[in-house]
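Remarks on the structure that follows.
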Amino acid sequence: MVVATQVNPIRMEKIREVDIPVIDLSCSRSKVAKLIVKACEEYGFFKVINHGVSHHITKEMEDESFEFFDKPLPEKELVGSANPFGYGSKNIGLSGDTGELEYLLLPTNQNAIAQTSKFRCVVSSYVKSVRELACEILELIAEGLGVPHSLFSHFVRHFDSDSLLRLNHYPPVTHSFHHGNIGFGEHSDPQIITLLRSNDAPGLQISLRNGLWLPVSPDPHAFCVNIGDILQAMTNGRFVSVRHRAMANLLPNQSRLSMVFFGAPPPEATIACPPQLLKRNKPIYKTFTWSEYKSHTYAHRLGETRLDHFKIT
Ligand code: GA4
């Protein structure tokens, strides 16, 4: 059963941790495909367990990330600012959004990460495994919807896929006044699908249709999966790209680290709902390219409902 509590950001102690659907990928394929489609329709968010990403690879990525964020600021800034890729602190995007976090934004294509440093090797293995999992989930979604197997996954497997890896560090704040700050403000993810793995610190919350915020309990052994705007457009709104946010510093002296893979199409990919999914309905959204969608997204604020701009009026 799912229970959500109205969240007052300043009184986080009132929040109860409850769960979105948890899907065991080791169950039978047809059963898993149905469960995933149901979770996408009802929540737009679910967790996967027994997902096949090795604990060793994930742990190495987490250790490397903590090691990076532990460095003195001038050293972190040496990697360049997060525009488009690099280190960022507090500033999110280019339109004035801020949050209580520091982060690294990394490209995922082989040219960009196939280098010799330990950090790059670890990123490369992690991205390879998580991309595979993202494609597997997209293929299960396609099977569950009765559309061609690689309709969604081919975008993420494409050599020019614009997928990203985002490492977010929400540092601990000991002063009680900061308790319950927003770490990363309310937004939906623009891409096709997002796979988030966090350490054992709470913080992620999803917005429910009734206006309540549902805290997602952290589980370092699971991936939290959510539908992005592109999958909402490609399913003609049958799946919803749910708004979510991250609270910072829910527990004193605890750092939260999330490692987030955003599966995206190549820039010139055309985004449209396939006829099999339209059935007898009219398309809600215009046809657009990922590059057009991305330009619009990056020119607007974090909390924008950007698919509205692509609606057929
Ligand atoms: C939200 C999802 C990803 O973290 C991200 C973010 C991006 C950024 O941090 O630069 C954006 C945000 C995200 C959507 C609106 C724009 C762009 C910040 C912002 C204000 C990397 C992405 O792809 O879109």
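Take Gly52 and tell me if it is loosely packed, with under 12 Cβ neighbours inside 10 Å, at pLDDT 95 or above and at positive phi.
When the stated conditions are applied, Gly52 passes them.
On the basis of being away from the ligand (no atom under 16 Å from the Cβ) and under 15 Å from the mean Cα position of the chain (by Cα), does Cys224 make the cut?
no
For the stretch 188-204, check the following and say yes or no: at least one residue is more than 14 Å from the ligand (Cβ to nearest atom), over 20 Å from the mean Cα position of the chain (by Cα) and either closer than 23 Å to Ala222 by Cα or in a loop (DSSP other than H, G, I, E, B) (or both).
No: the stretch 188-204 contains no residue that is more than 14 Å from the ligand (Cβ to nearest atom), over 20 Å from the mean Cα position of the chain (by Cα) and either closer than 23 Å to Ala222 by Cα or in a loop (DSSP other than H, G, I, E, B) (or both).
Quick check on my filter: what residues within the stretch 36-49 are crowded, with 19+ Cβ neighbours inside 10 Å and either of a type in the set (A, V, I, L, M, F, W, C) or part of a strand (DSSP E or B) (or both)?
The answer is Ile36, Val37, Ala39, Cys40, Phe45, Phe46, Lys47, Val48.
Please go through (1) more than 16 Å from the ligand (Cβ to nearest atom); (2) over 18 Å from the mean Cα position of the chain (by Cα); (3) under 22 Å from His169 (Cα atoms) for His154 and return the number of the only condition it doesn't satisfy.
Checking His154 against (1) more than 16 Å from the ligand (Cβ to nearest atom); (2) over 18 Å from the mean Cα position of the chain (by Cα); (3) under 22 Å from His169 (Cα atoms), the one that fails is (3).
If you go through the stretch 172-190 one residue at a time, do you hit one that is among the polar types (S, T, N, Q), under 26 Å from Ile57 (Cβ atoms) and surrounded by 16 or more Cβ atoms within 10 Å (Cβ to Cβ)? Lay out the reasoning, then the answer.
The first filter runs over the stretch 172-190 and keeps only residues among the polar types (S, T, N, Q), leaving 174, 176, 181, 188.
Applying the additional criterion that residues be under 26 Å from Ile57 (Cβ atoms) yields none.
No, that holds for no residue.
Looking at the stretch 72-95, is at least one residue more than 16 Å from the ligand (Cβ to nearest atom), more than 19 Å from the chain's Cα centre (by Cα) and part of a loop (DSSP other than H, G, I, E, B)?
yes
Of all residues in the stretch 292-303 being in contact (Cβ under 8 Å) with a residue 40 or more places away in the chain and not small (Gly, Ala, Ser), which is farthest from the ligand (Cβ to nearest atom)?
Ranking the qualifying residues of the stretch 292-303, first place goes to Tyr293.
Any residue in the stretch 23-41 that's basic (Lys, Arg): show its pairings with residues that are not in a strand (DSSP E or B) at Cβ separation under 9 Å, as long as the two are six or more apart or on different chains.
Pairs that qualify, where the first residue is basic (Lys, Arg) and the partner is not in a strand (DSSP E or B), are Arg29/Leu140; Arg29/Glu143; Lys34/Gly144; Lys38/Pro21; Lys38/Gly144.
Going through the stretch 250-298 one residue at a time, which ones are of a type in the set (Gly, Ala, Ser) and modelled with pLDDT of 95 or more?
Start the filter on the stretch 250-298 by keeping residues that are of a type in the set (Gly, Ala, Ser), which leaves 255, 258, 263-264, 269, 272, 291, 295.
The answer is Ser258, Gly263, Ala264, Ala269, Ala272, Ser291, Ser295.
Identify all residues within the stretch 52-71 that are assigned to a loop (DSSP other than H, G, I, E, B) and in contact with a Lys or Arg (Cβ under 9 Å, 6 or more places away or on another chain); write none if there are none.
Passing the criteria: only Val53.
The values are calculated or read from the model by the stated rules, or taken from the named source; none is laboratory data. Computed from a predicted structure; not experimentally measured. Here the Cβ is made from the backbone with ideal geometry for all residues, glycine too, and neighbour counts use every protein chain on show.
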